[in-house]
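**Student:** Mind looking over this structure? Questions follow.
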Amino acid sequence: MNFESFQEMQRYVGWSHRDAEVLARFSPQVTPYLEAISDEFYECIRAFPDAVRVLRDEAQVQRLQKTLQRWLQELLDGPHDRAYFERRRSIGEVHARIGVPQRFVFTAMSILRQHLEQILVKSYPAGSEIQERTRKALDRALDVELAVMLETYRESWLERIQRLDRMEREGISQRLAAAQERYRDAIESAQALILVLDERENLLLWNRMAAQVTGYARDELLDRLPLEMLIPDEEARRKIREVTPETPTTFEATLRIRSGRDHHVRWLVSANHDHELGGLLRYVIGVDLTEAHEAAQRARNTERLAAIGTMAAGLAHEIRNPLNAASLHVTLLERSLKRLAEPPATAVDAASVLRSEIQRLSSLVNEFLDFARPKPLRLGEHALCELCTSVLELLRPDAEAAGVKIQFSPPRRPIWIKVDGERFRQVLINLLRNAIEATRGTPEPRVTLRARRSASWAEIDVEDNGKGIAEGTPIFDAFYTSKETGTGLGLSIVHRIIDDHGGSIGYRSTPGETVFTIRFPGAYFVNDD
């Protein structure tokens, strides 16, 4: 689609300079709602696995939200000139390239129309001339936007078809068809990624599992170099290229899928000479070990925590008895001092210090026992926002005393989740207290709690603007702590609780920004079927 076609489409829908003026006057009414519109738009997107699949991480979502806000602002403010058209076409090309399903374009426009219609109703008197004129201008502008989007998708498909047509003329597609016919039944049903490369690394075969895991359709890779796109490790690519019929090989390496995420894959590579094609073919078979590796890691963590828990339980038991005796004798000492007419000040102070230290040790012992003997989960249906809000209210006095601004960014729609409510609160309390502590000495210290739904998962971020965590720090190891008075069990307990729920926890950290992200399965909106 070129600029002349864009202008023709504007004329077709009846767009005029008067429409541009009406939208420009309407723009100040919409501006206060831009952030809310973008938040709710991506809240809806997260409910669809096909849409979530093309998103790399939450940082990318936040960037896309800002882009959507600019897009809406420019739609209203104009000018709707050649530069405006070029930016619109570029956005459509990006959506087509990263694989956003075309049906979501219609859904997106529908959502935006609804939001703008609601603002329009609030802004102007019902049935007034300015309201009707603005509504027509919005419809025309959005119709043109939809046409640009659909045209870029059409051009993308046309390009793919033309590429296939060119390859057919060169004879590649016929050879590919013959190879697929030969191996179709076995390869398409295999629970492994299977690709076949010729000597120039052109893709000759790409099975259903490979397309499903990577997100790339077969024809998208036919005239490209798939090894460069899919396997980021140069050493792994070298191993594949050096395989001969006499030297098959097996190794493990990373697979980079379309969304940018990495999977851990075991590769089995062999080769043979194909007389029909007149060259060496390499057969690359990948078994996705990502889930198995994560399960093994969870099992190792569980075993390690169980061993440490056993040690902690024995240690706590041995300490508790002398602590109780010491506490009793301190009580007797305090009573004896109170009976004196003028008890020595040093003795009173010493008794107070002893009482304080015994209480501190007792608290440590209780924390050891909580870690060593975790209670069975008592699962129930809970509103995510209520859980988050109750923890924030509990910790707000601590944050205010430390001079830390603590804030909550809730989801736009109520989310429910099946968890042990008390253990979930314990996770948030530990993470938020760590975040508050991490901001000590930071100018304008800030802690943010965010909640959202991604497909069927509830995701919660705990973000602080403290000094950050050094790379490689074993923060989830039991008894590791960077605090002078810490036990080093807080994050280990957090990890265990989340693991017991079948969830996960991770973090990213740079100086001035640390974000812990926890994920719990089974989240749903209250109005879902």
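**Student:** Write out, first by first residue and then by second, each pair whose Cβ atoms fall under 9 Å of each other, whose residues are 6+ apart or on separate chains, and whose first residue, in segment 372-389, is on the phi < 0 side of the Ramachandran plot while the second is at pLDDT below 90 and hydroxyl-bearing (Ser, Thr, Tyr).
**Tutor:** Sorted first by the residue in segment 372-389, then by its partner, the pairs are Ala372/Thr310.
**Student:** Out of the residues in segment 80-103 meeting the condition of being closer than 17 Å to Leu142 by Cβ, of a type outside the set (Ser, Thr, Tyr) and more than 25 Å from the chain's Cα centre (by Cα), tell me which one is surrounded by the fewest Cβ atoms within 10 Å (Cβ to Cβ).
**Tutor:** Going through the qualifying residues, I end up with Arg87.
**Student:** If you take the residues in segment 50-69 that are of a type in the set (D, E, K, R), assigned to a helix (DSSP H, G or I) and touching a residue at least 24 places away in the same chain (Cβ under 8 Å), which one is surrounded by the most Cβ atoms within 10 Å (Cβ to Cβ)? Explain how you work it out, then say what you get.
**Tutor:** Within segment 50-69, the subset of a type in the set (D, E, K, R) is 50, 53, 56-58, 63, 66.
Right, trim to assigned to a helix (DSSP H, G or I) and you get 50, 58, 63, 66.
Going one step further and asking which of them are touching a residue at least 24 places away in the same chain (Cβ under 8 Å), we end up with 50, 58, 66.
Numbers: Asp50: 13, Glu58: 18, Lys66: 12.
Across segment 50-69, the extreme among qualifying residues is Glu58.
**Student:** Additional query: Checking the conditions here, which among Ala236, Ala271, Ala253 is without any contact (Cβ under 8 Å) to a residue 40 or more places away in the chain, crowded, with 16+ Cβ neighbours inside 10 Å, outside any strand (DSSP E or B) and among the small types (Gly, Ala, Ser)? Lay out the reasoning, then the answer.
**Tutor:** Numbers: Ala271 fails: outside any strand (DSSP E or B); Ala253 fails: outside any strand (DSSP E or B).
Only one candidate passes the filter, namely Ala236.
**Student:** Which one is modelled with the lowest pLDDT, of the residues in segment 212-223 that are surrounded by 15 or more Cβ atoms within 10 Å (Cβ to Cβ) and not in a helix (DSSP H, G or I)?
**Tutor:** For segment 212-223, the residue satisfying everything is Leu222.
**Student:** Something else now. Look at segment 14-26 and say how many of its residues are buried (at least 16 other Cβ atoms within 10 Å of the Cβ) and either assigned to a helix (DSSP H, G or I) or basic (Lys, Arg) (or both).
**Tutor:** Residues of segment 14-26 buried (at least 16 other Cβ atoms within 10 Å of the Cβ): 15, 19-20, 22-23, 26.
Imposing the further condition that a residue be either assigned to a helix (DSSP H, G or I) or basic (Lys, Arg) (or both) reduces the set to 19-20, 22-23, 26.
The qualifying residues number 5.
**Student:** Given the conditions (1) outside any loop (DSSP other than H, G, I, E, B); (2) buried (at least 16 other Cβ atoms within 10 Å of the Cβ); (3) modelled with pLDDT under 85, and given that Ala47 satisfies all but one, which numbered condition is not satisfied?
**Tutor:** (1)
**Student:** Please find, among Ile161, Ile130, the residue that is assigned to a helix (DSSP H, G or I), within 18 Å of Glu220 (Cβ to Cβ) and over 33 Å from the mean Cα position of the chain (by Cα).
**Tutor:** Numbers: Ile130 fails: within 18 Å of Glu220 (Cβ to Cβ).
Just one listed residue meets the conditions, Ile161.
**Student:** Within segment 100-120, which residues are of a type in the set (A, V, I, L, M, F, W, C) and part of a helix (DSSP H, G or I)? It would help to see each step written out before you state the result.
**Tutor:** So the first thing to find is which residues in segment 100-120 are of a type in the set (A, V, I, L, M, F, W, C), and the list is 100, 104-106, 108-109, 111-112, 116, 119-120.
Residues satisfying the conditions are Phe104, Val105, Phe106, Ala108, Met109, Ile111, Leu112, Leu116, Ile119, Leu120.
**Student:** From His317, His329, grab the single residue that is at pLDDT below 70 and either surrounded by 12 or more Cβ atoms within 10 Å (Cβ to Cβ) or of a type outside the set (D, E, K, R) (or both). Spell out the reasoning first.
**Tutor:** Working: His329 fails: at pLDDT below 70.
Exactly one residue qualifies, and that residue is His317.
The values are calculated or read from the model by the stated rules, or taken from the named source; none is laboratory data. Since the structure is predicted, the reported quantities are computational estimates derived from the model, not experimental observations. Quick reminder, even Gly has a Cβ in these numbers, built from the backbone with ideal geometry, and neighbours come from all protein chains shown.
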